[in-house]
1. Considering only protein heavy atoms, what per residue accessible area in square angstrom results for segment 1-146 with a 1.4 angstrom probe?
2. Determine ³J(HN,Hα), in whole Hz, for all residues of segment 251-259 in sequence, where each value follows from phi through the Karplus function 6.51 cos²θ - 1.76 cosθ + 1.60 and θ = phi - 60°; x replaces Gly and Pro.
3. Mind checking the alpha-carbon convex hull of segment 135-186 and giving the volume per residue in Å³?
4. Work out, in µm²/s and without decimals, the Stokes-Einstein translational diffusion coefficient of segment 1-83 at 4 °C, 1.567 mPa s, Rh from Kirkwood over C-alpha pairs.
5. Please list PHE14, PHE291 from largest to smallest accessible area, probe radius 1.4 Å, with all protein chains kept in place.
6. To make sure I understand the rule: partners must be lysines, Cα under 30 Å from the Cα of LYS20, and not fewer than 8 residues away in the same chain. Which ones qualify?
7. Where does segment 97-226 land on Rg/Rh, using Cα atoms and the Kirkwood Rh?
8. How large is ³J(HN,Hα), in whole Hz, for each residue of segment 115-122 in order, when computed from phi with the Karplus curve 6.51 cos²θ - 1.76 cosθ + 1.60 and θ = phi - 60°, using x for Gly and Pro?
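The values are calculated or read from the model by the stated rules, or taken from the named source; none is laboratory data. Bear in mind the structure is a predicted one, so any value in this text is a computation, not a measurement. Quick reminder, even Gly has a Cβ in these numbers, built from the backbone with ideal geometry, and neighbours come from all protein chains shown. All accessible areas refer to the heavy atoms of the entire protein, side chains included, with ligands and DNA or RNA removed. Shrake-Rupley method; radii C 1.70, N 1.55, O 1.52, S 1.80 Å.
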Amino acid sequence: TAIGTASNSFLGTFDGNGHKVSGLYINKTTGYQGLFGNTANDSSLKNVGVENVDVIGKKYTGGLVGEARGTITNCYVIGSVSSGTAEYAGGLAGRTMSAIKNSYSKANVNGLGQIGGLVGLANSSVSNCYATGDVNGKYNTGGLVGYENSSISNSYATGNVNGTYLLGGLVGTTMGSISNSYASGNVNGRYSIGGLIGTIRKTSSNATFKNIASFGNISAQTDTRIGSLIGAIANTSDGTNFANITITNSMANNADGFDLIGGTSKYADDTYTAIDETANMETWNNNITIFNSTTQLQVGINGDSSSQINTQNNLNIGWIKQLENLDVSSVSSLAFMDSFIDALSAKST
């Protein structure tokens, strides 16, 4: 039985003092499932690990907490989490309403929509976090966060992401900002798919995307809004406020031949309509470095391979792959991310 329900939330501070809970098993046909079902505003979960978990529930399901209205700090989950045919599932939390930091998940996660390796729906900041499990959903599904409304910083995801639409190696859909973060898992789906972000949906205020990268491969069953870095960028109903979005110091794996950004669209009445937003597309693309791409030069009068030269534009990313194999014994210490951030920053000089 989970601690705290939607009608009777856990209110207080739970400090695990570095201890762990092992062998948590939950199999319910109702929502708000996890070690904690629901935590109240001003509550706190910190310094605890939950290992060898097998949590099955419905709406709002996570290895640590189904829905967290309070903060989460220095926590981790290892195992598997599923919301079945329902929404809001994450390795650590199904939905968060307050900050989550210095935490990670090594859980495989399955569900319908708003499905993330760490958090299904993040209505608050996510910082110094990572997820390594595979994530399977239908929409709004990401290696770290399924749907994000605030900000992600100093974080990464390495698991593979599978679904239908609005899928990203790091986040499925974002309405916030992302900095100093990357994804290296493969992404497979139909449309609105990005190596890092499935769709940026910004209808007001500014959003910045700085020092970001995607290293995985993309498999898509269509050519609709498929991007090596970002699947699509959607804005107001008339598509006029794209200037609010800034992308700098970014890298993307172009081995699969997709555009860096799959396209632009306007979002209205819960639908995406493609539009041609050339000016901002050129600006965004100029700030993205391509690697693992091939340049073909025509050097003769014939159109066959005998009159062409192909050159590989490969960026050595061995150092980034090494990060995936590091054993982070302390979730509060992500110092190894410094080398990644420095390398990305150097691309602007």
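1. Working: 5010 Å² over 146 residues.
Per residue, segment 1-146 has an accessible area of 34 Å².
2. Residue by residue, segment 251-259 yields 9, 8, 7, 10, 4, 8, x, 7, 5 Hz.
3. Values: hull volume 2.6 nm³, N = 52.
So the per-residue hull volume is 50 Å³.
4. Working: Rh = 12.2 Å.
After rounding, the answer is 106 µm²/s.
5. The residues order as PHE14, PHE291, largest area first.
6. Once the sequence-local lysines are set aside, what remains near LYS20 is LYS28, LYS46, LYS58, LYS59, LYS101, LYS106, LYS321.
7. On the way: Rg = 12.5 Å, Rh = 13.4 Å.
With Rg and the Kirkwood Rh in hand, the quotient comes to 0.93.
8. Computed from phi, the couplings for segment 115-122 are 10, x, x, 10, 9, x, 10, 10 Hz.
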